[in-house]
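Trainee: One structure follows; several queries about it will come next.
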Amino acid sequence: MNNAIIFGLFALYVACVSLYLVLSGAQDALLELLRKFWGRTLGHSLYFVCNVALPVLICVLCIGWGVRHFDVTSEYAQINAPLHLDLENYRDLTPPHSVIDPDNLDVIYGA
C-alpha cells in the first residue's frame, strides 16, 4: 500500500468518529464553543464542515490518488527482489564525506 491510501483511510476514520460524536449528541469543547459563539445551527454547520466534510473530501482525494498511482509490478518486484550480497562495496569502511580536500581548506562544514 502506498502512503496516500493509508492517509485516506485515516481521514475516513476521523470523519466517521466525528460524525458518530455529532449524531450521538456527545459534545466536545470545540462544538460547544462553536455553538456558543455562532449559535446552534451555524455552529453545528461549521463543526460538520471542518470535522466531517473536510476529512471525507481528503479521504476521497487521497484514496483516488493512491489507487490511480498504485503500481502492482513495483510492489511485486520489491517483495520478490533477489538478495545480492556484495561484500566488495563494504570493504572500505571510511565514509565518502570524510575525505578532506587539502587544496580547499577554506570552508569546513560542521567545524
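Bear in mind that the values in this text are calculations on the coordinates, not laboratory data. All values reported here derive from a predicted model rather than from experimental measurement.
Trainee: Which translational diffusion coefficient, to the nearest whole µm²/s, is obtained for the stretch 3-70 from the Stokes-Einstein equation, given a Kirkwood hydrodynamic radius over C-alpha pairs, 37 °C and 0.692 mPa s?
Mentor: Numbers: Rh = 12.6 Å.
It diffuses with D of about 261 µm²/s by this estimate.
Trainee: A further question follows. Pop out the ³J(HN,Hα) list for the stretch 40-57 in order, Karplus 6.51 cos²θ - 1.76 cosθ + 1.60 with θ = phi - 60°, rounded to Hz; leave Gly and Pro as x.
Mentor: Karplus-based 3J(HN,Hα) across the stretch 40-57 equals 5, 5, 5, x, 5, 5, 5, 5, 5, 5, 6, 9, 10, 5, 5, x, 5, 4 Hz.
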